[in-house]
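Read the structure below first, then the notes.
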Amino acid sequence: MQTRDFSAELSKLTSGFTPIIDTTYKAEDYKFLDLSVTNPVLEEVDTSSAEAIQVYINTYLSKVGGTIAYGGYLEKRSIYDRSLYFSNTDAVLKRNIHLGLDIWCPQGTAVLVPVKGIVHSFKDNRNHGDYGPCIVLEHRFENLTFYTLYGHLTRSSLSNLSIGQMFEAGKILAHLGVPEENGDYAPHLHFQIIRDIQGNRGDYPGVSTLQNLDFYKKNCPDPQLLLKINTL
């Protein structure tokens, strides 16, 4: 299936705003957040600190009148410079282009399944700056097979899972972890769509180099195709 056809078929699976966290939050609560290297405000923020990022997000949401921040697909970020896991001095080989959509909200927030799927795999990825606890779901529809990844969860989210376990759309899959367990980030969900999981289990690259970006853009389409979050 061509990329355009895949994206079109993927988008048909949801008809409008599709919550991926606690449904207490409505579409109008979500506000777009720019964490890219082109945002000059971030020059005054210590992006190596989970606490500093949280203060920045809270201040931003207070100013714009929202309660949930979201964004980040294909965003080039400096936030990864703090971690040896992403480190490289070559600009082309440095992993700093984000492949998922981030939903920034309080620790412990419930994570929901956007469309029906089964548990493909799960793992606690403990590198500094990594996903921490992560779940991958597999989704099979008539002409469509793909995967979704949920990163930065609580460790307890993995405790009662089993491979092949079914989750209907809208059901609670997990909860968001604290910095001490989620890779040392302000609490948030990393959500990513993956066409070919390439043999990975409980993990998949969520940040790309410039060199590999063309491949990952095709293999990891925009999560907004499913979620359709407002852009107000």
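The values are calculated or read from the model by the stated rules, or taken from the named source; none is laboratory data. Just so you know, these numbers come straight off a predicted model, no measurement behind them. Using ideal geometry, Cβ is built from the backbone for each residue, glycine included, and neighbour counts are taken over all protein chains shown. Accessible surface is based on the protein model in full, side chains and every heavy atom, while ligands, DNA and RNA are left aside. Shrake-Rupley method; radii C 1.70, N 1.55, O 1.52, S 1.80 Å.
Of all residue pairs spaced 6 or more apart or on separate chains, those with beta-carbon atoms under 6 Å, a first member in the stretch 90-111 that is at negative phi and a second member that is at pLDDT 95 or above and aromatic (F, W, Y) are L99/Y216; G100/F191; L101/Y73; L101/F191; I103/Y70; V111/Y150. Residue count for the stretch 99-115, restricted to those that are in a loop (DSSP other than H, G, I, E, B), buried (at least 19 other Cβ atoms within 10 Å of the Cβ) and not hydrophobic (A, V, I, L, M, F, W, C): 3. Close contacts from the stretch 59-71, counting a first residue that is in contact (Cβ under 8 Å) with a residue 24 or more places away in the chain and of a type in the set (F, W, Y) and a second that is surrounded by fewer than 19 Cβ atoms within 10 Å (Cβ to Cβ) and assigned to a helix (DSSP H, G or I), with Cβ to Cβ under 9 Å and a gap of 6+ residues or different chains, come to Y60/V41. Pairs linking a residue in the stretch 117-128 that is farther than 8 Å from G164 by Cα to a residue that is open to solvent by less than 80 Å² (accessible area, probe 1.4 Å) and β-branched (V, I, T), with Cβ atoms under 6 Å and 6 or more positions apart or on different chains, are S121/V136; F122/I135.
Every residue in the stretch 131-151 that is open to solvent by less than 10 Å² (accessible area, probe 1.4 Å) and under 15 Å from the mean Cα position of the chain (by Cα), please. Hits for the stretch 131-151 are G132, P133, C134, I135, V136, L137, T148, L149, Y150, G151. Only one of the numbered conditions (1) in contact with a helix residue (DSSP H, G or I) (Cβ under 9 Å, 6 or more places away or on another chain); (2) without any contact (Cβ under 8 Å) to a residue 60 or more places away in the chain; (3) farther than 28 Å from T24 by Cβ is violated by P205, and that is (2). Would you be able to say whether some residue in the stretch 80-89 is within 18 Å of the chain's Cα centre (by Cα) and at pLDDT 90 or above? Checking the stretch 80-89: not a single residue is within 18 Å of the chain's Cα centre (by Cα) and at pLDDT 90 or above.
From the list Y216, Y147, the lone residue that is among the hydroxyl-bearing types (S, T, Y), under 22 Å from S11 (Cα atoms) and in contact (Cβ under 8 Å) with a residue 60 or more places away in the chain is Y216. Only one entry of N200, N230 meets the criterion of being surrounded by fewer than 18 Cβ atoms within 10 Å (Cβ to Cβ) and within 22 Å of F122 (Cβ to Cβ), and that entry is N200. Considering each residue of the stretch 43-58 in turn, at least one proves to be open to solvent by 70 Å² or more (accessible area, probe 1.4 Å) and modelled with pLDDT of 95 or more.
Quick one: which of T18, T24 is of a type in the set (V, I, T), open to solvent by less than 50 Å² (accessible area, probe 1.4 Å) and assigned to a loop (DSSP other than H, G, I, E, B)?
On the way: T24 fails: open to solvent by less than 50 Å² (accessible area, probe 1.4 Å).
The unique qualifying residue is T18.
Quick one: in the stretch 27-40, which of the residues that are open to solvent by 50 Å² or more (accessible area, probe 1.4 Å) and more than 18 Å from the chain's Cα centre (by Cα) is farthest from L226 (Cα to Cα)? For the stretch 27-40, the residue satisfying everything is P40. Against the criterion of being modelled with pLDDT of 95 or more, touching a helix residue (DSSP H, G or I) at 6+ places or on another chain (Cβ under 9 Å), among the β-branched types (V, I, T) and in a strand (DSSP E or B), I118 does not qualify. Checking the structure you have, find out if any residue of the stretch 50-65 is part of a helix (DSSP H, G or I), of a type in the set (D, E, K, R) and more than 30 Å from A169 (Cα to Cα). Yes; the residues of the stretch 50-65 include at least one that is part of a helix (DSSP H, G or I), of a type in the set (D, E, K, R) and more than 30 Å from A169 (Cα to Cα).
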